[in-house]
Structures are given as structure tokens and as C-alpha cells.
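The values are calculated or read from the model by the stated rules, or taken from the named source; none is laboratory data. On a predicted model such as this, the values are computed, not experimentally measured, just so you know. Because the Cβ atoms are built from the backbone with ideal geometry, glycine has one as well, and the counts that use them run over all protein chains shown. Heavy atoms of the whole protein, side chains included, go into the accessibility calculation; ligands, DNA and RNA do not. Shrake-Rupley method; radii C 1.70, N 1.55, O 1.52, S 1.80 Å.
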Amino acid sequence: NAGVMQNPRHLVRRRGQEARLRCSPMKGHSHVYWYRQLPEEGLKFMVYLQKENIIDESGMPKERFSAEFPKEGPSILRIQQVVRGDSAAYFCASSPPGSGKETQYFGPGTRLLVL
Amino acid sequence: SQQGEEDPQALSIQEGENATMNCSYKTSINNLQWYRQNSGRGLVHLILIRSNEREKHSGRLRVTLDTSKKSSSLLITASRAADTASYFCATAFNSGYSTLTFGKGTMLLVSP
């Protein structure tokens, strides 16, 4: 059973461009979380999704950021018109159904650098 | 504001010694989890302790939780160089599916 997959692992964008980050949860997991980690900081929650539904987006900036988790395919975190302050590591995590749902399994992250 | 705060920020020990990291939080929680992050990598789940538990063990790891003081500690016994990593505590308010609130982490360096 493959772990949580994220791609790309590294992404370089110029200011004003769009960044698309992909996350494929572990097989059988239908709950996905996105977190952002700034250098020397802990992870900050951004958004929590189930298939086709956004459950909690309280950590998402109101502008330029959006997330989706379609019925088929990976979850996508989209950042429009990137700015230098968006440079960070973005981690996706997924949770299994049943008794283990409190544990989150993290992907390797996407490191976004905005020039 | 940050829910979890780890202490110390950095810890340097020799192989074989024990490492203790502490975490404090501000509000009531359902459970508290510890994660490890190797440099440039994702997070690995280590252990979960629920609000009605006081102590939990997993291999060389021992976690305690004091809800009256809103604090937790992670003890790694007989440390190894491979334990070198950053360690984060994360709190969950709800049972079941819940977002996690992370502290800034403790960077542990274990020298051979």
C-alpha cells in the first residue's frame, strides 16, 4: 500500500504565476488535509476535504488559494498569482476510515519557491 | 495563537542518553499526537495519547499527558543517531476526523 503521494516535490514559480500542488491519499482514505510549513516553523492547517466536499477551510487565505478533492483523481491545492510569501513546504495528509481515523499520514511535501 | 509549544527548541545529546521533550497547549483537547520530521521530509506519526490517558508507551517512546497542566512530554530512551530529527506535538479538539494544531517543534541532535 503506497503512502500519501505528492507532486511535484519541488516547484519554482515567478511572482504572478499559478501553482498547482497534487496529493493522492493512501488507498482507501477519503479524508485529506493540507498544511503549510514555513521555515523553522510547525505546520499550519489550511483545509480539510472529503471527496467532493470542503469540510473546513478556516486556515485558507481568503484570496488566491483554493482546494478541491474530486470524485476521481488527486486533491489539488491551487495558488493563483503567487507572491514570495507563498514560498513554503505544503504537506498533504490523509486519514483512514474506522478506528484509526485520528491518525494522519503525511506525504513528503511540495516545496514551493517563488522567485 | 499557537496551540502547542515545544520545549526545548533544540536538544543535543550523545547516543545512549535519554531525550525528553515537552509540549504545552492552551485549550481543551480530545487527543495529543507526536510526530517526527527528518530534514526535508514529511512527518511520521509516532504516538497518540487521548485526554483520558496519562501515559503511553511504544518501543523506546514514552508519552505522558497532564490535562490539568495542559502539557505533555515525550521521552526517547537509549537514543540513537537515527533519532536525529525534529519532533512536533499536535493537538486535536475532536474525536474522529479532526484537524491538527502543531507546535514549532524540538530539533533533536543525537551524536554518535
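Does residue B:35 satisfy the criteria of being surrounded by 14 or more Cβ atoms within 10 Å (Cβ to Cβ) and in contact with a His (Cβ under 8 Å, 6 or more places away or on another chain)? Write out each step before concluding.
Values: surrounded by 14 or more Cβ atoms within 10 Å (Cβ to Cβ): yes; in contact with a His (Cβ under 8 Å, 6 or more places away or on another chain): yes.
So residue B:35 fits the description; yes.
Name the one entry in B:86, B:68, B:73 that is small (Gly, Ala, Ser), away from chain A (no Cβ under 14 Å) and under 10 Å from the mean Cα position of the chain (by Cα). Spell out the reasoning first.
Values: B:86 fails: away from chain A (no Cβ under 14 Å); B:68 fails: under 10 Å from the mean Cα position of the chain (by Cα).
None of the other options fit; the residue is B:73.
Per-residue answers, yes or no, for (1) on the phi > 0 side of the Ramachandran plot; (2) within 13 Å of chain B (Cβ to nearest Cβ); (3) of a type in the set (A, V, I, L, M):
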site	(1), (2), (3)
A:3	no, yes, no
A:10	no, yes, no
A:23	no, yes, no
A:29	no, yes, no
A:47	no, yes, yes
A:50	no, yes, no
A:58	no, yes, no
A:64	yes, no, no
A:95	no, yes, no
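Within the stretch B:1-21, which residues are touching a residue at least 60 places away in the same chain (Cβ under 8 Å), part of a strand (DSSP E or B) and either on the phi > 0 side of the Ramachandran plot or not hydrophobic (A, V, I, L, M, F, W, C) (or both)? Matches in the stretch B:1-21: B:5, B:6, B:7, B:12, B:14.
So for the stretch A:50-68 (the condition being aromatic (Phe, Trp, Tyr), open to solvent by less than 50 Å² (accessible area, probe 1.4 Å) and within 17 Å of residue A:106 (Cα to Cα)), does at least one residue qualify? No.
Here residue A:75 passes the criteria (1) exposed (fewer than 14 other Cβ atoms within 10 Å of the Cβ); (2) within 19 Å of residue A:108 (Cα to Cα); (3) in contact with a Ser or Thr (Cβ under 9 Å, 6 or more places away or on another chain) except the one numbered (1).
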